[in-house]
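Below is one structure, written out as structure tokens, with a few remarks after it.
Each reported figure results from applying straightforward, stated rules to the coordinates on display, with no laboratory input. Note that the structure is predicted; figures quoted are calculated from it, not measured. Cβ sites come from the backbone with ideal geometry, for glycine too, and all protein chains shown count toward neighbours.
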Ligand code: UGA
């Protein structure tokens with residue numbers, strides 16, 4: 001089948017490469033000529049395990065084409081996927097200007113029947129707006145060309161995106177048109193092999209499903225973080241509590257790891273956007289507001305522990321903190337809404353110096369933090385420890401899980417570890433002679 005993908009970010013590029021891998025001809029359109037040029041050279045501008053290999057192979061075999069020209073993308077394609085960004089605006093609502101621009105351009109350029117697919121995360125009602133913008137542009141041209149607008153939200157996780165696309169838990173298709181549904185079923189057949197994996201529903205339900213899924217997951221995280229904070233105060237261990245509740249299959253073990261709060265380009269933005277939509281429709285979403293607030297406060301927990309620890313010893317000013325982990329989670333170089341940024345901001349505001357290491361996000365972090373003279377980003381994990389007063393771990397990269405504890409102890413000025421991801425056993429750390437602080441557990 002012929003597919004056009006507009007936008008080559010995480011969602012667009014992964015979808016394009018995976019569709020191409022199944023034999024479809026995919027034209028990727030991006031307005032950024034540098035990105036398009038790089039992709040033609042086989043250089044993928046985002047870090048995503050397995051993606052570069054897929055892109056290179058399918059490009060070499062002619063199933064993946066990169067262009068800045070939407071007309072070229074539309075020419076042979078039956079499906080046009082809108083995969084452009086929907087960044088948050090200051091008030092928390094999603095900025096849909098890129099989506100709307102693509103819709104207008106499709107209306108201006110389309111020559112024959114198209115299935116326009118909203119894959120970007122967009123608020124309920126966006127598909128209707130996309131439809132009206134395309135009609136508006138057709139009217140200006142004095143043409144009437146048939147098309148359908150479908151909602152097909154993406155559920156991929158950064159760092160595991162290719163796998164998520166190839167083996168999805170479900171594929172959601174929002175459409176009222178039976179023929180369109182059948183065509184999407186055919187396109188997705190290689191991925192959603194079992195029929196139940198492809199769920200057809202109304203356009204608005206599909207749009208809502210995406211937000212409901214992310215908000216549910218964010219709620220789980222804020223819930224366990226709140227439980228962790230209570231555990232700490234009452235002398236319970238959130239690790240044990242997690243196992244205890246997770247064994248009830250209605251709750252489950254997944255996605256209830258306490259930590260430094262959720263980050264990334266999705267949860268913070270999507271929770272805020274659903275709050276904004278609810279308010280717009282006259283509903284006060286109390287639970288979602290609490291989820292968001294708990295998460296903001298959770299990002300303060302680790303810096304506060306550090307500040308409180310050093311308080312009786314003259315404070316954090318001029319002290320050095322070694323920091324392991326900058327990306328918002330492992331296996332990505334994404335720094336968007338990373339809890340590390342809040343920690344760095346709070347501590348450097350008090351004059352603390354930060355020596356940070358991240359296996360992959362160093363360059364992105366250097367760029368984000370270039371104006372903060374108190375931050376140094378080093379290229380070696382153990383170099384971050386030299387002359388540091390303590391270590392804080394913020395991202396659970398595998399290489400931090402079992403470090404050389406003797407080297408760690410020797411390199412730090414004093415053996416103090418603040419663990420924002422509960423990677424180490426409190427008992428083991430105590431036996432090793434560390435002062436050890438984690439989330440929702442006592443030494
Ligand atoms: C998330 C969803 O998991 C995907 O299903 C969804 O498709 C995607 O958003 C999206 O809307 O595009 P992602 O943002 O890549 O994916 O990252 P997650 O792996 O979900 O992690 C999000 C944040 O939650 C991270 O900061 C992570 O550290 C944190 N987290 C996750 C916890 O603190 N505890 C957990 O138990 C799980």
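Looking across segment 332-350, the residues that are within 16 Å of the ligand (Cβ to nearest atom) and either in a helix (DSSP H, G or I) or farther than 18 Å from residue 45 by Cβ (or both) come down to 337, 338, 339, 340, 341, 342, 343, 344. In summary, residue 149 fulfils each of the numbered conditions (1) in contact with a helix residue (DSSP H, G or I) (Cβ under 6 Å, 6 or more places away or on another chain); (2) more than 16 Å from the ligand (Cβ to nearest atom); (3) without any contact (Cβ under 8 Å) to a residue 40 or more places away in the chain with the single exception of condition (3).
Of the set (1) farther than 24 Å from residue 124 by Cα; (2) away from the ligand (no atom under 14 Å from the Cβ); (3) in a helix (DSSP H, G or I), all apply to residue 225 but (2). With a requirement of 2 or more residues that are touching a helix residue (DSSP H, G or I) at 6+ places or on another chain (Cβ under 7 Å) and within 16 Å of the ligand (Cβ to nearest atom), the strands (runs of 3 or more DSSP E) lying completely within segment 351-421 that satisfy it span 390-393. Looking across segment 159-190, the residues that are in a loop (DSSP other than H, G, I, E, B) and in contact with a helix residue (DSSP H, G or I) (Cβ under 6 Å, 6 or more places away or on another chain) come down to 170, 175.
The residues listed here are 92, 85; of these, the one that is closer than 21 Å to residue 10 by Cα, out of contact with any strand residue (DSSP E or B) (no Cβ under 8 Å at 6 or more places or on another chain) and part of a loop (DSSP other than H, G, I, E, B) is 85.
Every condition in (1) surrounded by fewer than 21 Cβ atoms within 10 Å (Cβ to Cβ); (2) closer than 14 Å to residue 237 by Cβ; (3) touching a residue at least 60 places away in the same chain (Cβ under 8 Å) holds for residue 430 except the one numbered (3). Based on what the data block shows, is residue 174 in contact with a strand residue (DSSP E or B) (Cβ under 9 Å, 6 or more places away or on another chain), buried (at least 19 other Cβ atoms within 10 Å of the Cβ) and in contact (Cβ under 8 Å) with a residue 12 or more places away in the chain? Yes, satisfied. Could you go through segment 201-222 and let me know if any residue there is farther than 30 Å from residue 165 by Cα, within 15 Å of the ligand (Cβ to nearest atom) and either surrounded by fewer than 21 Cβ atoms within 10 Å (Cβ to Cβ) or touching a residue at least 12 places away in the same chain (Cβ under 8 Å) (or both). Looking for residues that are farther than 30 Å from residue 165 by Cα, within 15 Å of the ligand (Cβ to nearest atom) and either surrounded by fewer than 21 Cβ atoms within 10 Å (Cβ to Cβ) or touching a residue at least 12 places away in the same chain (Cβ under 8 Å) (or both), one finds none in segment 201-222, hence no.
Taken over segment 244-271, the criterion of being more than 13 Å from the ligand (Cβ to nearest atom) and within 22 Å of residue 329 (Cα to Cα) is satisfied by no residue.
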